[in-house]
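The values are calculated or read from the model by the stated rules, or taken from the named source; none is laboratory data. All of these numbers come straight from a predicted model, not from anything done at the bench. Neighbour counts run over all protein chains shown; Cβ positions are idealised from the backbone, glycine included.
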Amino acid sequence: MSLKERSKRFELLAQRDINKETYVEPWPEAGLMVADSPYDPQPSIALEDGHVLEMDGVAAAEFDALDRFIVSHALDLDVAAEAMALPSAEYARMLADINVRRAEIARLIAGCTPAKLTDIMRHLNVLEMMMALAKMRVRRTPANQAHVTNWREHPALLAADAAEAALRGFAEVETTVRVARFAPFNALAILVGTQTGRGGVLTQCSVEEALGLRLAMKGLTSYAETLSVYGTEMTFVDGDDTPWSKAFLASAYASRGVKIRFTSGTGSEALMGRAEQKSMLYLEARCLLVVKGAGSQGVQNGSISCIALPEALPGGVRAVLAENLLASMLGLEVAAGNDALASHSSIRKTAKLMLQFIPGADFIFSGYSAIPKRDNLFGGGNFDAEDFDDYNVLQRDMQIDGGVRPISEDEALAIRLKSARAIQAVYREMDLPAITDEEVEAAVVAHSSDDMPERDIVPDLEAADAFMAGDGDFLTVIRALQTSGFSAVADNILEMGRQRIAADYLQPSAIFDADFKVLSGINDGNDYAGPGSGYRLEGARWAEIADIPQAKSPEGFVEPHAGEPLSRLVEIGPAAKGSQREVVLALGPAFGRALSKTIGGLEQEAVLQAILTGIAGEGLVARIVRVYHSSDCAAIGYVGARLSGSGIGIGLQSRGTAVIHQKDLAPLNNLELFPQSPSLTLATYEDIGRNAARYALGLATVPVAVKIDNGARLRLIVKTALLHRRETDEVDPARPPQELRYDWEPL
């Protein structure tokens, strides 16, 4: 054989989604190394009279802007000497040890330098990091954030999608823009939409920071997370920022009652050519200390839009989990990435998600794409609207609160209609370009902006400019809603304004529950300390997650297979052993009595006639018996073979599973077994009867070929179990096999 011919298996593997990715070998000099770069500094600190003389091998005189900011604002110098003296391996053990409390670790971590934080991660594998994240995340109750955007930037669709996202349980909803001038109306649409779906959902519009602050001051948004920070000084310079300017901007947001979290993530410095030969994780540790020093409420990290870069390198997904853990160790709320498309492979992207989904995070997604990928202006989502059912089932499978709840189609349509009409009313009352009834109707049932009618965007843009230049704000929106009869939505938006004044939701990891009660690291702090502690999915919340619309009652699986008993199938007395050359067809105890159709939907009488036709076609007679003492297919067939004068019997369960048995074989052995009952046709059953007759005649016989359906078990195992249970209900251990009379004509 020529080895030039390609392996068909490798040829197929080359087409798999996983091989659509890009992979690269590490190159530490370019920053293409996720951790443990040979150029990463070793942990160190030198203190004198409360001043830092040296940190991580760099003398104070050589500090760059980040070093100076970290030393001045992020390190607890009162604990630094103690913290740096503790071996990194001991920190790793404390993180993974359920007996060590979160507060004890957090006290020491406050004095750790970037290199020390990075070195601690070196001692933890992925499982240990997940255990540590379960303990170290700030808020006890997990939550989730959604992305709601659309390519057309259609206000009715934005409002409808935001309302559905709120109803599905997302605690935050983020939008962005394709055209920057649309920002106020996109923010307006998701504000109205979310507060229609559920009061208390926090919203933001991801735009340039000064514009974002203006939107917040008009009351159209309630949080921001677009304040990007970087791990090298020159990357900050390229962005025309410094740690101090970011801290000032964060304070500006907070002073206006707007919750703020920064954005960072492994890979951004390498992507911008400013990694300074350092590993991605080390640079992320610097970022996180800057975030802490700036007084931020939290951080959106997990590589975010850079995710494909660390994933191209060995250990990339582990490093992403490590940066989430580092943030939580520093007391920061963590919005843990999983937003940008991480892989073409469903297996790979789901495996990555599990690292945050299983231990939980303050926000498992920095933005679950609550719209289709093609409408996601953030660059596509790792999970999107087409994955809602998958995500709900994952929560149900593992009894994990992933921050989302299942809803019915009727619930979705109702809330989408209400929100689309609400934004239509706001546009009408504020004298904005009209949203037509046709647009409302389309938004209610739309999946994407492809389903929406064209809209003239020029008047919208002009109106948006005028709104930003004028005095209109969220109070204007409230009046419009009240005037139009949407008082409940207006009340929710007004309450959001009141909460800004109270400012309790500025606390670490804060969200609102359905009653506008703040849940935060202050009043809902994570108290995980091993089994039986911390957040547990139980009670009403577990019932809500378990109750997916796809779940049927057990009776619903069996009912279609029940029916009237076969009147022509009559018991005539106990069955005796035959003396003639024959085939005995042994039926299960529910066949033609409690059940009337096979699992594949075939009428049992038609199956019966097909088998008898096959036997008759070979010139043999058939005798029918019913077995009462067992519902097992092998046992039924074995009884049939022992009663048969030829020693050949067919066992047939009510659900359609069949076996050809021979009397001198072991009970669990057989001549032919047909377990794939959903794949059996009437022609197959006729072939089964024919083969049984040929065995009885001593003729050479080719086994009946049945195509294997590897998906049948997934589709039908519940129905199989319930039909078998119904069969088993008819078992009478004390009743011997009964002879049956059946008047029939060959097919």
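Some values worked out for this structure:
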item	result
All positions within the stretch 29-54 that are outside any loop (DSSP other than H, G, I, E, B) and farther than 26 Å from ASP240 by Cα	ILE45, ALA46, LEU47, GLU48, HIS51, VAL52, LEU53, GLU54
Set LEU587, LEU643, LEU652: member being closer than 17 Å to ASP729 by Cβ and either in contact (Cβ under 8 Å) with a residue 60 or more places away in the chain or under 45 Å from the mean Cα position of the chain (by Cα) (or both)	LEU587
Failed item, numbered, when VAL179 is tested on (1) at pLDDT 95 or above; (2) aliphatic (A, V, I, L, M); (3) surrounded by fewer than 22 Cβ atoms within 10 Å (Cβ to Cβ)	(1)
Subset tally (residues that are out of contact with any Gly (no Cβ under 9 Å at 6 or more places or on another chain) and in contact (Cβ under 8 Å) with a residue 12 or more places away in the chain) for the stretch 126-135	6
Only listed residue being out of contact with any helix residue (DSSP H, G or I) (no Cβ under 6 Å at 6 or more places or on another chain), farther than 30 Å from VAL477 by Cα, in contact (Cβ under 8 Å) with a residue 40 or more places away in the chain and of a type in the set (Val, Ile, Thr), chosen from ILE347, ILE364	ILE347
The stretch 291-308: number of residues that are surrounded by fewer than 21 Cβ atoms within 10 Å (Cβ to Cβ) and either touching a strand residue (DSSP E or B) at 6+ places or on another chain (Cβ under 7 Å) or of a type in the set (Ser, Thr, Tyr) (or both)	1
Residue in the stretch 460-481 that is closer than 21 Å to ARG198 by Cβ, crowded, with 17+ Cβ neighbours inside 10 Å, in contact (Cβ under 8 Å) with a residue 24 or more places away in the chain and not aliphatic (A, V, I, L, M) present	yes
Tally of residues being in a loop (DSSP other than H, G, I, E, B), surrounded by 10 or more Cβ atoms within 10 Å (Cβ to Cβ) and of a type outside the set (Lys, Arg) across the stretch 564-582	6
Every pair of residues 6+ apart whose Cβ atoms lie under 6 Å, when the first sits in the stretch 427-441 and is touching a residue at least 24 places away in the same chain (Cβ under 8 Å) and not assigned by TED's automatic domain parsing to the domain that holds GLY193 while the second is part of a helix (DSSP H, G or I) and surrounded by fewer than 14 Cβ atoms within 10 Å (Cβ to Cβ)	none
One residue from LYS517, LYS552, LYS577 being among the basic types (Lys, Arg) and in contact with a Leu (Cβ under 6 Å, 6 or more places away or on another chain)	LYS577
Yes/no for LYS278 being of a type in the set (D, E, K, R) and outside the structural domain of ARG536 (by TED's automatic domain parsing)	yes
Set VAL179, VAL126, VAL192: member being in the same structural domain as SER366 (by TED's automatic domain parsing) and out of contact with any Asp or Glu (no Cβ under 9 Å at 6 or more places or on another chain)	VAL192
Given (1) part of a loop (DSSP other than H, G, I, E, B); (2) more than 28 Å from GLU559 (Cβ to Cβ); (3) not charged (D, E, K, R), index of the condition TYR638 fails	(1)
Every residue from the stretch 144-168 that is in contact with a Gly (Cβ under 6 Å, 6 or more places away or on another chain) and crowded, with 24+ Cβ neighbours inside 10 Å	ASN144, GLN145, HIS147, ALA159, ALA162, ALA163, ALA166
Subset of the stretch 482-498 that is buried (at least 18 other Cβ atoms within 10 Å of the Cβ) and in contact (Cβ under 8 Å) with a residue 60 or more places away in the chain - its residue that is nearest to ILE435 (Cα to Cα)	PHE486
Residue list for the stretch 430-447, restricted to those being crowded, with 18+ Cβ neighbours inside 10 Å, assigned to a loop (DSSP other than H, G, I, E, B) and under 33 Å from the mean Cα position of the chain (by Cα)	ALA446
Index of the failed condition, ALA422 passing every other in (1) in a helix (DSSP H, G or I); (2) within 11 Å of the chain's Cα centre (by Cα)	(2)
Hits in the stretch 329-344 (condition: without any contact (Cβ under 8 Å) to a residue 60 or more places away in the chain and surrounded by fewer than 24 Cβ atoms within 10 Å (Cβ to Cβ))	ALA340, LEU341
Helices (runs of 4 or more DSSP H) within the stretch 304-404 that include 2 or more residues farther than 25 Å from LEU519 by Cα and small (Gly, Ala, Ser)	316-329, 346-357
Pairs, first among the hydroxyl-bearing types (Ser, Thr, Tyr) in the stretch 662-687, second crowded, with 20+ Cβ neighbours inside 10 Å and in a helix (DSSP H, G or I), C-beta under 7 Å, six or more apart	TYR685/VAL607; TYR685/ALA610; TYR685/ILE611
Single residue of ASP17, ASP78, ASP67 found to be surrounded by 20 or more Cβ atoms within 10 Å (Cβ to Cβ) and among the charged types (D, E, K, R)	ASP67
Matching entry among GLY497, GLY530, GLY534, GLY539 (being at positive phi and touching a Phe, Trp or Tyr at 6+ places or on another chain (Cβ under 8 Å))	GLY534
Any hit, the stretch 343-352, residues being within 19 Å of CYS112 (Cβ to Cβ), at pLDDT 95 or above and of a type outside the set (D, E, K, R)	no
The one condition in (1) in the same structural domain as PHE170 (by TED's automatic domain parsing); (2) modelled with pLDDT of 95 or more; (3) closer than 26 Å to TYR282 by Cβ that TYR391 fails to fulfil	(3)
Lone unmet requirement of (1) surrounded by fewer than 22 Cβ atoms within 10 Å (Cβ to Cβ); (2) within 23 Å of SER448 (Cβ to Cβ) for VAL404	(1)
Subset of the stretch 500-532 (residues that are in contact with a strand residue (DSSP E or B) (Cβ under 8 Å, 6 or more places away or on another chain), within 18 Å of VAL334 (Cα to Cα) and part of a loop (DSSP other than H, G, I, E, B))	GLN507, PRO508, SER509, ALA510, SER520, GLY521, ASP524, ASN526
Residue, nearest to VAL291 (Cα to Cα), within the stretch 64-102, restricted to residues that are outside any helix (DSSP H, G or I) and touching a helix residue (DSSP H, G or I) at 6+ places or on another chain (Cβ under 7 Å)	ASP64
